[in-house]
Every structure is written in C-alpha cells, then in structure tokens.
Amino acid sequence: MGNSSYTTKHHELYSKLLDCAREQYALLTNSESEQNEEEYARLSSEWDILIAQIEKANQEDGVPDHSDTNLVEKMEQIALILSMTEKELKDSINEAGGNLKNVKDQKLLMNAYYGFDRRGHNSLYFDEKK
C-alpha cells in the first residue's frame, strides 16, 4: 500500500474518532435524557469499532508516522477531549454521591424524628383523666 493511502486512511480514522469524542463530550455536557443515553451507547459502540479499525490499519500498514503534525494534532485533540470527558464523568459521579448522601441523611432524620421506619407499630398515648 502506498504511503499516501496509508496516511489518508489514518487521517480519516482519527478524524472520525475525534468527531466521535466531541459528540460524546457534547452529550455529557447537555441536559440528560433517555435519548442521550441511547445516543451515548451508540457512540461508544462506534468508538470501539473505530479503535479496532485503527489497530487493524496499524497492523497492516504500520504505526502512523509521528512526524505528521496534522495527525499528531488530531491525537492530541482526542486526548484533550477524553480528559475533559473523564472530568465531566467524575464530577457527575461526585454530584450523584453527594445527592445520595443528602437523601440518606434526610431519611435518617425522618426516621429518627417521625418513626417512618417502624412498620406496623403505631405509638398510642393515653392521657389519664383526673
């Protein structure tokens, strides 16, 4: 295979991978919905397919030349978007964890003061008549 088609093939694959990374990041930073979850799952599958195609191209044609600045720039952009995506996911996990802790604390208070965790036991109070 000629060097030109080799370079073009890698540029196309890394361009698609960059687009996929951008779309995944955009989904994470937008409002959440079931449609976003399905789209993110689709993009994850697409990501896996692109990675497999890149690995296959590397085996057939060799590892891309790192002196190709355009290709290296695409790789760096992908790495940057991946780190931003990872940060978004960590922030989301931390937020969910904080929300869960607040719910547990509120439940604990409700159970302590109002006895909501006692099932079938109702407190009865009798006033003695004088």
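Computed from the coordinates by the stated procedures, all read-outs in this text should not be read as laboratory data. Since the model is a prediction, treat every value here as computed from it, not as a measurement. We place every Cβ from the backbone using ideal geometry, glycine too, and count neighbours over all the protein chains shown.
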- Query: Taking 0.36 nm per intervening residue step and subtracting the Cα-Cα distance, what contour gain separates S44 from A26 on full extension?
  - Reply: 5.1 nm
- Note on the structure: Once A96 and N36 are pulled to full extension, the length gained, defined as 0.36 nm per residue separation minus their Cα-Cα distance, is 19.8 nm
- Query: Over all distinct Cα pairs, what is the inverse of the mean 1/r for segment 21-88, reported as the Kirkwood hydrodynamic radius in Å?
  - Reply: 13.5 Å
- Message: Under a crude label model (7 Å from the Cα following the beta-carbon direction), how far is H11 from Q59 in nanometres?
- Response: 2.6 nm
- Message: Need the full-extension length gain, D68 to D19, defined as separation in residues times 0.36 nm minus the C-alpha distance. One decimal, nm.
- Response: 15.7 nm
